[in-house]
Amino acid sequence: FDKNMGDLAVFLGFLTRAQMEELLDKQNSGDMALAEALVAKGYITRNEYDNLLKAYRQELGLTSDLSDKNNLKRDIISIYGLDEMKNTDIYADYVSLFVRNSIRFVGDDFAFTSFNPERDTEQECVIWQDISGKQQLRTAICGSQKAFNSFASRCAGKDAFDCTNRDVGDFLNLQNGLYAANAFAADSSRLSLGQIDYTQNELIGTDRDKLIIPLSFTFGKIYIYIVRV
């Protein structure tokens, strides 16, 4: 189901609507992820949450160890059919690095979800950065302002109301800097990073050679966008 975690919990009978709203109030006031609130309120244990997340990833065919580079890259290629696209290795290397950086700096409370490739989509917030050199890439992080604030608050270690889009830009710059370093280590390719740009209500194209992958965190969806230019 394409529903938020709280709505799913009510739909499946794990929570009442009142309980879900109470949890969301605590999440919004204290910037606590819904999964953390479920544990804090005693509705599930930490061990139960970890087991549920592990079982969900296994159901999707994901490796249980998302830090394993080779397994993660293979999973991403399989789930999103990247072997049918041009630039398979480039896209898979970039996305798997993004996932590992998200786990390290943001958290692992996310799931891979599908994206409708049949139409363009308007994103409320978009942070862009181009990569030039042997590889010519346009990369971006997209999402709602609420998702941006929560994403930034985690990786910057701030309260959500203190965060700016610059904090998301810093994460993208870090991601792309590490990607460029990996490319140099692999075959001495020298890649340069462009300026960070921010736009609002941007229409993101979904042509065959463009890749958009949503990471559904407990606070909302963050979209990875990458295209070979």
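The values are calculated or read from the model by the stated rules, or taken from the named source; none is laboratory data. Only a predicted model underlies this, so the values are computations on that prediction, with no experimental measurement involved. Cβ atoms come from the backbone with ideal geometry, glycine included; neighbour counts cover every protein chain shown. Protein only, heavy atoms only, side chains kept; ligands, DNA and RNA dropped before computing areas. Shrake-Rupley method; radii C 1.70, N 1.55, O 1.52, S 1.80 Å.
Observations
- Residue pairs whose Cβ atoms lie under 9 Å apart, sitting 6 or more positions apart in sequence or on different chains, and linking a residue in segment 188-199 that is without any contact (Cβ under 8 Å) to a residue 24 or more places away in the chain to a partner that is open to solvent by 70 Å² or more (accessible area, probe 1.4 Å) and outside any strand (DSSP E or B), do not occur here.
- Of the helices (runs of 4 or more DSSP H) lying entirely inside segment 1-78, those carrying at least 1 residues that are farther than 25 Å from Phe151 by Cβ, at pLDDT below 75 and not β-branched (Val, Ile, Thr) are 46-59.
- Selection within segment 108-132 - closer than 21 Å to Thr164 by Cα and either at pLDDT 85 or above or more than 16 Å from the chain's Cα centre (by Cα) (or both): Glu122, Cys125, Val126, Ile127, Trp128, Gln129, Asp130
- Test result for Ser153, of a type in the set (S, T, N, Q), modelled with pLDDT of 85 or more, in contact with a helix residue (DSSP H, G or I) (Cβ under 9 Å, 6 or more places away or on another chain) and within 14 Å of Pro214 (Cα to Cα): no
- Residues that are touching a residue at least 40 places away in the same chain (Cβ under 8 Å), part of a helix (DSSP H, G or I) and open to solvent by 50 Å² or more (accessible area, probe 1.4 Å) within segment 137-179 comprise Lys146, Arg154, Asn173, Leu174, Leu178, listed in sequence order.
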